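Heads up, the thing below is written out as structure tokens.
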Amino acid sequence: MNEKKEKAILFLINGLGVASKDSFSINYGELMPNLSMLMNNYFYTTLENINYNYNNGFRNFSLGHDLLPTYKKLEEDTEFANNQTIINIAADAIHNRSKVHLFCFLDNDKVINQVVKIISVLRPKGDFYIYIHIVLRQKDCIEYDNVIKRIKSLEDKITLYQNTTIGTIVGERKFIDDEYYSLITKGMGEKWPDYNRKLNYTKAEETLPRDVDPFYMNTGFKLAVNDIALFLNYEDVDCNAFIDKITNVKLYTLFPMKDYSYAVNIYEEIKPTMYFSKTLEENNLKCLVLTTEGRKPSINYYLNGLSDLTSPNITYMNIKEVADVVSVINDQYDYIIFDYDIGVFKELSTIKEFLMDLDKKIESIYNLCDQRDYNFFIASLYGIYKTYIVGVDREVKLDYSKEVPAILVNKVLTKSKYSFKYGTTFDLSNTIFSIITNNPNIPTSIKKKGFFSMFTD
């Protein structure tokens, strides 16, 4: 550990992102001249947005590259056939004549094998129907071939089991909509037995997999009273918005869900080995987090490694009570985070006014950082994807969800010798810690330029 430390300020404008090609744009570059100046004169890059909402953004910001090994747990469980929760699911289905619904995010081949593993244990225990509901999360149309290949692989494998079939397919962004809820509970929606044809059709329309409208493949798939819903909630899967809608079903999950104490989990929670507050403590860093009182509990949960415990190295302050942002910046803290979020606003006009106000705060902080040689980061932990009304009744889509901006103001690291490499939102926290600790063992997106750098990165 290097004792030489620097100061850093992270100014989060959560929800802000780079507009996709078919997105309405609020042209925040024009609204925020100070932000534009920093983009043009200092380190600027865009980061692939791997987060789909505010909470998920803070979770991944805290954990960095240390992903939880949830995908491995079921795969490596040699005693899964004797798992009491699985036995209880089968018993409930038999006793109540219920259907079992498996909700899975088909991100990789491991998920296919694990869905089949669950079915292979459930199926011999009773004659009840099992329906698989697939949620697509892929962000690029080039992924369609992989998506179709995975669905075909899953379809082929479950043909070995009676009364087991794929029920519905839906994009992640449509998973939480009323349209999908009506489909899965009332059967109101499109039927496409040939998913290949349907997905090639959406591909031709350049609809992203995660934006695919819900459709069903086979009858009998509806989620009815006393049915059983099993969510394969891996490390970065968020099912909350959909679960909030469903009632009168028995809820099971792979891992505990903090907001649903009534859900029965198959496995206990797997805690991360490294997270934000632990890195602070190991490097003797003090951090001030300015956020709203309502969001403090969830942020604390993520920053402390998915725990409600508090860290002596983190102090919280209500951001709404801070009129002058510069007034809270002092040498007592090594790391200060300002947490703003444009996703809370329902009107575009309100977002624009808010961004103009934030730009004034950016100017004030920049001037102070320039005087004190502080590192000044401006970034976003997720990009919004919302529909707004412009004018009287014009509906526009604001899609900032694919990439988010990241800026670093540093007077020592020059653009002539260094670059801010394109990465993901996972990389942000590590990059900041690397700079303020001067620890070469922490991965960073700030890279040296030059011929030999390609061999050392």
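So, in the stretch 335-347, exactly how many residues are closer than 28 Å to Ile389 by Cβ and either over 23 Å from the mean Cα position of the chain (by Cα) or not assigned by TED's automatic domain parsing to the domain that holds Lys411 (or both)?
So the answer is 1.
Any chance the stretch 138-160 includes a residue that's out of contact with any Asp or Glu (no Cβ under 9 Å at 6 or more places or on another chain), among the polar types (S, T, N, Q) and either more than 27 Å from Asp399 (Cα to Cα) or at pLDDT below 95 (or both)?
yes
Is it the case, given these coordinates, that Met37 is crowded, with 20+ Cβ neighbours inside 10 Å, assigned by TED's automatic domain parsing to the domain that holds Asn283 and either of a type outside the set (A, V, I, L, M, F, W, C) or modelled with pLDDT of 95 or more (or both)?
no
Looking at this structure, is Ser277 buried (at least 18 other Cβ atoms within 10 Å of the Cβ) and either outside any loop (DSSP other than H, G, I, E, B) or not assigned by TED's automatic domain parsing to the domain that holds Asp373 (or both)?
Criteria met by Ser277.
Within the stretch 200-215, track down each residue that is closer than 25 Å to Lys386 by Cβ and outside any strand (DSSP E or B).
Those that are closer than 25 Å to Lys386 by Cβ and outside any strand (DSSP E or B): Thr202, Lys203, Glu205, Glu206, Thr207, Leu208, Pro209, Arg210, Asp211, Val212, Asp213, Pro214.
Taking the stretch 13-29, which residues are charged (D, E, K, R) and modelled with pLDDT of 90 or more?
Matches in the stretch 13-29: none.
Can you name the residue in the stretch 208-257 that is in contact with a Phe, Trp or Tyr (Cβ under 9 Å, 6 or more places away or on another chain) and of a type in the set (Val, Ile, Thr) and, of all such residues, is modelled with the lowest pLDDT?
So the residue we want is Val237.
Would you check if Ile351 is touching a residue at least 24 places away in the same chain (Cβ under 8 Å), more than 30 Å from Gly171 (Cβ to Cβ) and among the aliphatic types (A, V, I, L, M)?
Taking the combined requirement at face value, the residue does not satisfy it.
Within the stretch 134-156, count every residue that is in a helix (DSSP H, G or I), of a type outside the set (Asp, Glu) and without any contact (Cβ under 8 Å) to a residue 40 or more places away in the chain.
Counting residues in the stretch 134-156 that are in a helix (DSSP H, G or I), of a type outside the set (Asp, Glu) and without any contact (Cβ under 8 Å) to a residue 40 or more places away in the chain gives 3.
Using beta carbons and a limit of 7 Å, which pairs, at least six apart or on different chains, have the first residue in the stretch 370-397 and in a loop (DSSP other than H, G, I, E, B) and the second one among the charged types (D, E, K, R)?
Correct list of pairs: Asp373/Lys411; Tyr374/Lys7.
Considering the stretch 236-268 alone, what residues qualify as being under 23 Å from Leu122 (Cβ atoms) and among the acidic types (Asp, Glu)?
Of everything in the stretch 236-268, just one residue is under 23 Å from Leu122 (Cβ atoms) and among the acidic types (Asp, Glu), namely Glu268.
Do the conditions hold for Ser311, that is, is it more than 30 Å from Thr414 (Cα to Cα), outside any helix (DSSP H, G or I), of a type outside the set (Lys, Arg) and assigned by TED's automatic domain parsing to the domain that holds Arg59?
yes
Filter the stretch 314-337 down to the residues that are loosely packed, with under 14 Cβ neighbours inside 10 Å and outside any loop (DSSP other than H, G, I, E, B) and list them by number.
Asn318, Lys320, Glu321, Val326, Ser327
Taking the residues in the stretch 398-441 that are in a helix (DSSP H, G or I) and without any contact (Cβ under 8 Å) to a residue 60 or more places away in the chain as candidates, determine which candidate is nearest to Lys139 (Cα to Cα).
Restricting to residues being in a helix (DSSP H, G or I) and without any contact (Cβ under 8 Å) to a residue 60 or more places away in the chain, the top hit is Thr431.
Restricting to the stretch 387-438, and then to whatever is acidic (Asp, Glu) and under 24 Å from Lys352 (Cβ atoms), can you tell me which residue is surrounded by the most Cβ atoms within 10 Å (Cβ to Cβ)?
So, considering only residues that are acidic (Asp, Glu) and under 24 Å from Lys352 (Cβ atoms), the one surrounded by the most Cβ atoms within 10 Å (Cβ to Cβ) is Asp399.
Which count do you get for residues in the stretch 13-42 that are on the phi < 0 side of the Ramachandran plot and in contact with a helix residue (DSSP H, G or I) (Cβ under 9 Å, 6 or more places away or on another chain)?
Qualifying residue count for the region: 17.
From the list Leu160, Leu223, pick out the single residue that is out of contact with any Cys (no Cβ under 7 Å at 6 or more places or on another chain) and without any contact (Cβ under 8 Å) to a residue 24 or more places away in the chain.
Selected residue: Leu160, the only one of Leu160, Leu223 that is out of contact with any Cys (no Cβ under 7 Å at 6 or more places or on another chain) and without any contact (Cβ under 8 Å) to a residue 24 or more places away in the chain.
Filter the stretch 220-243 down to the residues that are farther than 28 Å from Phe426 by Cα and among the charged types (D, E, K, R) and list them by number.
Those that are farther than 28 Å from Phe426 by Cα and among the charged types (D, E, K, R): Lys222, Asp227.
In this structure, is Thr164 among the hydroxyl-bearing types (Ser, Thr, Tyr) and surrounded by 14 or more Cβ atoms within 10 Å (Cβ to Cβ)?
In short, yes.
Of the numbered conditions (1) free of Cβ contacts under 8 Å to residues at least 40 places away in the same chain; (2) under 22 Å from Ile407 (Cα atoms), Ile314 fails exactly one; give the number of that condition.
Condition (2) is where Ile314 drops out.
Which one of these is modelled with pLDDT of 90 or more, surrounded by fewer than 19 Cβ atoms within 10 Å (Cβ to Cβ) and in a loop (DSSP other than H, G, I, E, B): Tyr260, Tyr267, Tyr301?
Among Tyr260, Tyr267, Tyr301, only Tyr267 is modelled with pLDDT of 90 or more, surrounded by fewer than 19 Cβ atoms within 10 Å (Cβ to Cβ) and in a loop (DSSP other than H, G, I, E, B).
Tell me which helices (runs of 4 or more DSSP H) are completely within the stretch 50-132 and hold 2 or more residues being within 30 Å of the chain's Cα centre (by Cα), modelled with pLDDT under 90 and surrounded by fewer than 18 Cβ atoms within 10 Å (Cβ to Cβ), or say none if there are none.
Because the criterion is at least 2 residues that are within 30 Å of the chain's Cα centre (by Cα), modelled with pLDDT under 90 and surrounded by fewer than 18 Cβ atoms within 10 Å (Cβ to Cβ), the helices (runs of 4 or more DSSP H) in the stretch 50-132 that meet it are 70-76, 109-122.
The values are calculated or read from the model by the stated rules, or taken from the named source; none is laboratory data. Everything quoted here is computed from the prediction, not taken from an experiment. All Cβ positions, even for glycine, are placed from backbone atoms using ideal geometry, and neighbour counts span all protein chains on display.
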